[in-house]
Structures are given as C-alpha cells and as structure tokens.
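Have a look at the structure below before the remarks.
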Amino acid sequence: MRINSTVVLTLTLLTLMLGAGSVSAFLGFDIGSKALKGVTAPDSRPTTKFAAAKANSAQHVGLTLLKEEEILKIVKARIEGKTRAQSEKKEEDEDIAEDTTAVKQKQKEKQQTEMAEKPQEGFPIAAENGGVNFSVQSARYSGGALQLRVKMQNKGKDSVRFLYSFLDVTDNKGRTLSASTEGLPSELPANGPVYTGTISIPTALLDDVKSVSLSITDYPAQKLKLEVANIPVEKSN
C-alpha cells in the first residue's frame, strides 16, 4: 500500500510540473508575439534595390557642366563690373577733390574781398610810370610771413613784361630782404585789367624793421622803374 501511494504522489507531481511548463510556454509565446507586432523583415528583393539605385541616380541628374563660352562670359561680366565700380569711385573722388578746391578758392576770394572792402589805414601806397600802376593795398602778418597785397595795371599803349626775381625789397636801414611773389603776372597787356597778387617776406627778417620799400623794372629793356617806398610794417603791440 505504501509503494502505491508513493507512485501516485510521484505521478501527481510530474503532472503538475508538466502542466505548469505548458502554461509558461504558452504565456511566453503569447507575450513574444505581441511584442513583435509591426516589426517587418528587411526587403532584400533585387527589384527593390534597383529602384532605390535609380532614385539616387535621378537625384544627381541636376548637375551640369558649363560650357567654356559661358564661363568666359561670366568672368568678363565680373571684370567689367569691378572696373566700372572702380571707375565710378575714381570719378566720385575727383568730384570731391574739385568741390574741395572750389570751396578753398571761394574762401580765398572771400578773404580778398573782405580785405578790399576794409582798407588798411595808411594804404594804398602807389607808384606810376609810363602808364603802369603799382600799388600796395595792405600789409598784414600771416602764417609766419608779412603779406603785402599788391595791385598792378597797365594803362599804356604797349605791353610790359616783368621778371620778379629782379624785385628789390629793402628795409628802412637799407638792408636787402628776401621775398617771394604769388599771383603777379609776368606780362601786363596794354590797356589791360587790374591784376592782384601777394609779396611775402619772412617774419624772422622783420624783427627790428619799421618799413620796407619795393622796386622793380620791366624786363628785358629795364626802361620803366616802379618804386613804392616807406611801407609801414612795424608790428602792433
């Protein structure tokens, strides 16, 4: 009886184990199936690969090579555009320079006009010979030099020439002074207009000078002499 009971118990345990194993296997299969839903295997068909390669090839069809003539046209257009831009900039710079020069010229003319409108006391000091008039309109210190504003006019019948390197400038002590001229004409035409210029004397030469005298003759004949004496140049305190 004891042996039969043992056999029955063993068979019962085996049955329970097999049942539990079957249930576990079924549950595992079911869970795995649900987890793999929607997952597909890669398409390894030759026709599919050919279609993909064809699509990639179609994407590169848009690349085309330019002809040599078209490249030359593009380069030429760019060079011409750059040259045109440089030319326009150069013209703009020239216009600015011309405007600046015009402004400076107007300022200079304005200063000369103002000086002409307000005569300096004791001026003008003039000399005349043979119909030629030579006058000093003013004497002012500016920019490290004494500026003598001079007017010249020829009312005679013949033109007269001058060489201003022959201009003599002396002080009240008889000493010769160096000077430079600007704007004075080399030739005065007969019955001509009034010419205006400047004679500059360095300030360093006039420390103890009270007056200066100017003397010039025509060139080359040297028959006509113009002399303006005792021009006051003493600095005011």
Calc'd 3J(HN,Hα), the range 6-23, phi into Karplus 6.51 cos²θ - 1.76 cosθ + 1.60 (θ = phi - 60°), Hz, glycine/Pro = x, comes to 5, 5, 4, 5, 5, 5, 5, 5, 4, 5, 4, 5, 5, x, 5, x, 5, 5
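Any of LYS118/LYS223; LYS118/LYS157; LYS67/LYS90; LYS151/LYS210; LYS104/LYS225; LYS173/LYS225 with alpha carbons more than 29 Å apart? Name them for me. Write down the numbers at each step before the final one.
On the way: LYS118/LYS223 35 Å; LYS118/LYS157 32 Å; LYS67/LYS90 35 Å; LYS151/LYS210 22 Å; LYS104/LYS225 35 Å; LYS173/LYS225 21 Å.
Correct reply: LYS118/LYS223; LYS118/LYS157; LYS67/LYS90; LYS104/LYS225.
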Looks like the range 191-237, by Cα gyration tensor root eigenvalues a ≥ b ≥ c and the a/c under 1.5 rounded cutoff (else prolate when a/b is bigger than b/c, oblate otherwise), is prolate
Could you point to the residue in SER180, PRO202, GLN147 farthest towards the positive end of the range 125-232's charge dipole, with +1 and -1 charges on the Cβ of Lys/Arg and Asp/Glu respectively? GLN147
Along the range 186-198, what does the Karplus equation 6.51 cos²θ - 1.76 cosθ + 1.60 (θ = phi - 60°) give for ³J(HN,Hα), rounded to whole Hz, x for Gly and Pro? 6, 9, 9, x, 5, 6, x, x, 7, 10, 10, x, 9
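Taking every eigenvalue of the Cα gyration tensor of the range 125-232, multiplying by 5 and rooting it, what semi-axes result, largest first, whole Å?
Square roots of five times the eigenvalues give 24, 14, 12 Å.
How do LEU206, LEU146, LEU72 line up, fewest other C-beta atoms within 10 Å first? Don't jump to the answer; show the numbers that get you there.
Working: LEU206 19, LEU146 22, LEU72 11.
So the ranking, lowest neighbour count to highest, is LEU72, LEU206, LEU146.
Since every read-out is calculated from the coordinates, none of them should be taken as a lab result. Nothing here was measured: the structure is a model prediction, and the numbers come from that model. Every residue, glycine among them, receives a Cβ derived from its backbone with ideal geometry; neighbour counts consider all protein chains shown.
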